[in-house]
Amino acid sequence: MKQRLESDLKTAMRSGETLRRDTVRFLLAAIQTEEKARLGAAVDKLVAEGKDESARQAWLAQNKPSDLDDVAVTDVLTKQAKMRRDSIEAFRKGERPDLVTKEENELALISAYLPAQLDEAKIREIARRVIGETGAKGPQDTKVVMPKVIAETKGRADGKVVSGVVAALLKERAS
């Protein structure tokens, strides 16, 4: 996935697509930030365990905690897409249509790299099945249902939509 982004950056630079170029650069920067954060967390953990410098270097060379797999890269892209959705909402409230358009265009580019999003009907189907499996009776069981639904829809559905669907279904069940 990261290689695809790097390749797309080169293509966008050659073709003069400034929006794509800037968006992909931002995504690659976010991925690099996540890589550094994971490396830092691993070093901190090793220091806390009392490992000396040579042991830390050996462990880091063997385990490579900063190498993100496609799932981790997708998580970073999902966070970036959520940031764009939040920005769009804020800019709409602030009556900034120029920035709304920019963010929507960036969101469309980011979405092309993400797995296909589930529609509300599919989310509802998953939530109903999980509610049935867990035996949830009403809104008080949200803490039991939500983690399981989120796990099944991770990266393929917006958390706000999932939360709304689960809340509505549990409310219906309580009635």
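The values are calculated or read from the model by the stated rules, or taken from the named source; none is laboratory data. In this text the structure is predicted, and so the values were computed from the model without any measurement. No Cβ is skipped: glycine too gets one built from the backbone with ideal geometry, and neighbour counts run over all protein chains shown. These area figures cover heavy atoms from the full protein model, side chains too; ligands, DNA and RNA do not enter into them. Shrake-Rupley method; radii C 1.70, N 1.55, O 1.52, S 1.80 Å.
Two-decimal Rg/Rh of the range 93-175 from alpha-carbon positions, Kirkwood Rh?
Across the range 93-175, the Cα-based Rg/Rh ratio is 1.11.
Quote the relative contact order of the range 1-122 in percent (integer), defining contacts as alpha-carbon pairs under 8 Å separated by 6+ residues.
Normalised by residue count, the contact order of the range 1-122 is 25 percent.
For the chain, what does -39500 (n - 2.57) per DSSP helix run (n ≥ 4), summed and divided by total residues, give at 222 nm, in deg cm²/dmol to the nearest 500?
Dividing the helical sum by the residues of the chain leaves -26500 deg cm²/dmol.
Near LYS171, which aspartates and glutamates are there with a Cα under 12 Å away, not counting those fewer than 8 places off in the same chain?
Here the aspartates and glutamates satisfying the reach criterion relative to LYS171 are ASP141.
Can you tell me the convex hull volume per residue for the range 51-128, based on C-alpha atoms, in Å³ to the nearest whole number?
Dividing the Cα hull volume of the range 51-128 by its residue count gives 187 Å³.
Quick check: at a probe of 1.4 Å, how many percent of the accessible area of the chain sits on carbon and sulfur atoms?
For the chain, the apolar C and S fraction of the accessible surface comes to 53 percent.
From largest to smallest, what semi-axes in whole angstrom does the range 20-93 give when each is the square root of 5 times an eigenvalue of its alpha carbon gyration tensor?
Taking √(5λ) for each Cα gyration eigenvalue gives 33, 13, 9 Å.
Can you tell me what percent of all Cα-Cα pairs in the chain are more than 19 Å apart?
Everything past 19 Å amounts to 68 percent.
Please work out the FRET efficiency for the pair ALA121 and ASP70, using the Cβ-Cβ distance as r and a Förster radius of 22 Å; give the result to the nearest 0.05. Intermediate values should be presented prior to the final figure.
On the way: r = 27 Å, r/R0 = 1.25.
Once the sixth-power term is evaluated, E becomes 0.20.
Mind giving me the FRET efficiency for ALA112 and ASP52? R0 is 41 Å, r the Cβ-Cβ distance, nearest 0.05 is fine.
Calculated value: 0.35.
For the chain, report the accessible area per residue in Å² (1.4 Å probe, heavy atoms, rounded to an integer).
61
Ignoring GluC sites (Glu not before Pro) that are buried or in helix or strand per DSSP, and keeping those with at most 12 other beta carbon atoms within 10 Å, what is the longest stretch of the chain between them?
Excluding the exposed sites themselves, the longest stretch runs over 96-175.
Between LYS171 and LYS82, what is the FRET efficiency for a Förster distance of 25 Å, r being their Cβ-Cβ separation, to the nearest 0.05? Walk me through the numbers on the way to the answer.
Numbers: r = 25 Å, r/R0 = 1.00.
In this case the efficiency is close to 0.50.
Students often forget the sequence filter, so: which aspartates and glutamates lie under 12 Å Cα-Cα from LYS122 once same-chain residues fewer than 8 apart are removed?
GLU152
Out of the range 96-154, which trypsin sites (Lys or Arg not before Pro) are coil in DSSP terms and have no more than 12 other C-beta atoms within 10 Å?
Working: sites: LYS102, LYS122, ARG124, ARG128, ARG129, LYS137, LYS143, LYS148, LYS154; in loops: LYS137, LYS154.
Those that pass, being in a loop and sparsely packed, are LYS137.
Counting only C-alpha contacts under 8 Å and six or more residues apart, can you give the relative contact order of the range 87-166 as a whole percent?
31
For the chain, return all DSSP H helices satisfying: extent of Cα atoms along own axis at least 27 Å; mean Kyte-Doolittle hydropathy at least 0.0.
Passing helices, by number: 18-48.
Work out the charge dipole of the chain with +1 on the Cβ of Lys and Arg and -1 on the Cβ of Asp and Glu about the Cα centre, then indicate which of SER87, VAL166, ALA112 is farthest towards its positive end.
It is VAL166, whose Cα lies furthest towards the positive end.
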